[in-house]
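The values are calculated or read from the model by the stated rules, or taken from the named source; none is laboratory data. Being a predicted model, the structure only gives us computed values, none of them experimental. Please note: Cβ atoms are built from the backbone with ideal geometry, for glycine as well, and neighbour counts cover all protein chains shown. We work out accessible area using only protein heavy atoms, side chains counted, and drop any ligands, DNA or RNA first. Shrake-Rupley method; radii C 1.70, N 1.55, O 1.52, S 1.80 Å.
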Amino acid sequence: MAQGKEVTRDRIFTALTCLMEQKEYKYITVTDIARKAGVSRMTYYRIYSSKEDILEQHFRIISQHLVTEAKEDIEQALCSFFANFQKHEKLAGVLAQADLMSLIAECFSGFTDYLHNTFHPDSLNSLQARYAGLYETGGLFSILIGWLSEGAVENPQKMSEITLNIMKGK
């Protein structure tokens, strides 16, 4: 049963991303998404409450995987972060056009919090740490957006290395 729900989620996510390549996000309706995914509106609403919810759930799952991966190898987790967006470069461009990158940044807050806490373990419970984490989230996504807007020329490994050096203050 859970596997069927996962397949349906994937179909709905794919339908939304395909539709986003065809028309502006704000003009995409739930009916459009359900029809493209081959599901009923009722099925759609059993899983999602909004279009944003589709994106949030998708990117939160990726973020959770990255946190798990980062616990073993931060550089590899950052490489996976950049590789994921390179693989979905067109989607990232559409998200940026729809002003949804801030929504995506929120989804990755668990990952960026983990990175911040790893590099600044002594500042875990301070007000400054909270804002430093937000600052680093903004920085990571600024790097991502800049890299994508320039054609993602550098490979994900190089971007991981550059980002780590920045986070370490090098």
So how much accessible area does ILE166 have, in Å² to the nearest 10, using a 1.4 Å probe?
100
Need the full-extension length gain, GLU161 to PHE141, defined as separation in residues times 0.36 nm minus the C-alpha distance. One decimal, nm.
5.7 nm
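For the range 51-126, give the magnitude of the charge dipole about the Cα centre (Cβ charges: +1 Lys/Arg, -1 Asp/Glu; no others), in debye to the nearest 20.
Values: 5 positive and 12 negative charges, 45 e Å.
Value, rounded to 20: 220 debye.
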When every alpha-carbon pair in the range 1-86 is counted, what percent end up more than 19 Å apart?
45
Rounded percent of accessible protein surface that carbon and sulfur make up, the chain, 1.4 Å probe:
52
Whole-angstrom gap from the range 86-152 to the range 42-70, using each part's C-alpha centre
17
In sequence order, what are the phi-derived ³J(HN,Hα) couplings for the range 110-117 according to the Karplus relation 6.51 cos²θ - 1.76 cosθ + 1.60 with θ = phi - 60°, rounded to whole Hz, with x for glycine and proline?
x, 5, 5, 4, 4, 4, 4, 5
Of the cross-linked pairs LYS90/LYS168; LYS26/LYS90; LYS90/LYS158; LYS23/LYS158; LYS71/LYS158, which ones have a Cα-Cα span greater than 24 Å in the structure shown?
LYS90/LYS168; LYS23/LYS158
Using Cα pairs under 8 angstrom and six or more residues apart, how large is the relative contact order of the chain, in percent?
23
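Over 21 Å, how big is the tail of the calculated P(r) for the range 17-145, in percent of all Cα pairs? Could the numbers behind the result be given before it?
Numbers: 3857 of 8256 pairs.
When all Cα pairs of the range 17-145 are counted, 47 percent exceed 21 Å.
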Calc'd 3J(HN,Hα), the range 77-85, phi into Karplus 6.51 cos²θ - 1.76 cosθ + 1.60 (θ = phi - 60°), Hz, glycine/Pro = x, comes to 5, 5, 4, 5, 4, 5, 5, 4, 6
